[in-house]
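Structure, as structure tokens:
The values are calculated or read from the model by the stated rules, or taken from the named source; none is laboratory data. Predicted model, so just to flag it, every value in this text is computed and none were measured. Every residue, glycine as well, gets a Cβ built from its backbone with ideal geometry; the counts of neighbours run over all protein chains shown.
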Amino acid sequence: MTDKSLSNWVAMSDKALAERIGVFVKYHRLEQNKTQDHLAAAAGISRSTLSLLERGETVTLATLIQVLRVLDQLQFMNAFLVEENISPLALAKLEKEKRKRASGRKEENENESEW
């Protein structure tokens, strides 16, 4: 399952990528000793849809997510996390705008109005 020669995803066709996903699903299904019928029922899909997925045929994204959830293989979702990075210039600007100390002026004005 960890063949390094297949790591050039860009060079692979869409069909080859879909087949690779099917191999992944089938591998993990068999590792967990689940039949297609059992996995399909747990994922809420038909056995024929699961068979299509394992062969690299077209299935919906929702189907793939349902199957991966049942197989406990959703860790790939980490690849889709988006972290916003702030540029050093923007960070410096934010730091400059931050208050460095209290002025004390508001308290003096509030005390004067009470008297």
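For segment 59-67, indicate whether the set of residues that are small (Gly, Ala, Ser) and either over 24 Å from Ser13 (Cβ atoms) or touching an Asp or Glu at 6+ places or on another chain (Cβ under 7 Å) (or both) is non-empty. The answer is no, given that none of the residues of segment 59-67 is small (Gly, Ala, Ser) and either over 24 Å from Ser13 (Cβ atoms) or touching an Asp or Glu at 6+ places or on another chain (Cβ under 7 Å) (or both). Only residues that are modelled with pLDDT under 90, loosely packed, with under 10 Cβ neighbours inside 10 Å and in a helix (DSSP H, G or I) were counted across segment 3-22, and they come to 5.
Going by the conditions given, is Thr58 in contact with a Leu (Cβ under 9 Å, 6 or more places away or on another chain), of a type in the set (Val, Ile, Thr) and in a loop (DSSP other than H, G, I, E, B)? Criteria met by Thr58. Looking only at residues of segment 26-37 that are in contact with a helix residue (DSSP H, G or I) (Cβ under 9 Å, 6 or more places away or on another chain), outside any loop (DSSP other than H, G, I, E, B) and without any contact (Cβ under 8 Å) to a residue 40 or more places away in the chain, we find that the one that is surrounded by the fewest Cβ atoms within 10 Å (Cβ to Cβ) is Asp37. Within segment 64-88, being within 28 Å of Ser46 (Cβ to Cβ) and more than 9 Å from the chain's Cα centre (by Cα) holds for Leu64, Ile65, Gln66, Val67, Leu68, Arg69, Val70, Leu71, Asp72, Gln73. In the set (1) modelled with pLDDT of 80 or more; (2) polar (S, T, N, Q); (3) in a helix (DSSP H, G or I), Ser113 fails one condition alone, (1).
Looking at Glu95, Glu107, Glu83, can you tell me which residue is exposed (fewer than 14 other Cβ atoms within 10 Å of the Cβ), assigned to a loop (DSSP other than H, G, I, E, B) and either modelled with pLDDT of 95 or more or of a type in the set (Asp, Glu) (or both)? Walk me through how you get there before you give the answer.
Values: Glu95 fails: assigned to a loop (DSSP other than H, G, I, E, B); Glu107 fails: assigned to a loop (DSSP other than H, G, I, E, B).
Going through Glu95, Glu107, Glu83 in turn, the sole match is Glu83.
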